[in-house]
Amino acid sequence: MKVEETPNPENPLCFDLPKLLKRGGTASLQVDWDLEDVSTTYSEAHHLRGELRAEASGDKVVVSGELNLGWAGPCRRCLETTRGVDELAVSEIYETDSTDGETFEIPQNQILDLRPMLQELILLALPLTPLCSHDCRGPLPEEYPAGSPGGQSVEQDIDPPIDPRWEALGALTFEENESH
């Protein structure tokens, strides 16, 4: 039996568990969530959109679907704000005897709130160090000169000193000996 119903408008990211489990059916949910306070050190989530399906099977509920996550954060090279949209695949199981870290607990009340699960997935999906483009060269040299402390520039062609522990490796040569 397929049940096409949207959860309570007062709780748009929740499913009515008794109806879902009693009928053993499927319910769908359109997600359109403006996110607040979901962020990592370097990026923050702004919007989550897509469709989720909840399917009841015995004492389990499987929530699955595809969502688009809009995020923003400073580029790790140029520090300009960059934005992106990533796909977020959802495939989670809720059960009465959940396994820590693998499945989620079916709540004792009558409502299955998806927000904690979605927040966890969002935090895992946010980029750790955003990049505005793969060919980003960083800040402009005229505005941000890369010199040594004190304003004195360092010659770029000079090799750094070799660690004395590795100096002997520089003397090694590999000659191919063709005698059999």
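Quick note: the coordinates plus some simple rules give every number you see, no bench work behind them. Quick caveat, the model's predicted, so the values are computed rather than measured. Quick reminder, even Gly has a Cβ in these numbers, built from the backbone with ideal geometry, and neighbours come from all protein chains shown.
Where does the charge balance sit around Ala72 when Lys and Arg score +1, Asp and Glu -1, over other residues with C-beta under 9 Å from its C-beta? Mind showing how you got there, number by number?
Values: positive: Arg83; negative: Glu44.
Local charge sum for Ala72: 0.
Just to check I understand the Karplus step: with θ = phi - 60° and J = 6.51 cos²θ - 1.76 cosθ + 1.60, what whole-Hz values come out for segment 31-47, glycine and proline as x?
Computed from phi, the couplings for segment 31-47 are 9, 8, 10, 7, 8, 10, 6, 10, 7, 10, 4, 10, 8, 9, 7, 10, 8 Hz.
Starting with the highest mean, order 74-84, 42-52 by the number of other Cβ atoms within 10 Å, averaged over the residues of each peptide. Before the final figure, lay out the partial values.
Details: 74-84: 14.8, 42-52: 18.0.
Taking the mean over residues of other Cβ atoms within 10 Å, the ranking is 42-52, 74-84.
Let me spell out the model: positive unit charges on the Cβ of Lys and Arg, negative unit charges on the Cβ of Asp and Glu, origin at the Cα centre of segment 74-129. What dipole size does that give, in debye rounded to 20? Walk me through the numbers before you get to the answer.
Working: 4 positive and 11 negative charges, 117 e Å.
Computed about the Cα centre, the dipole is about 560 debye.
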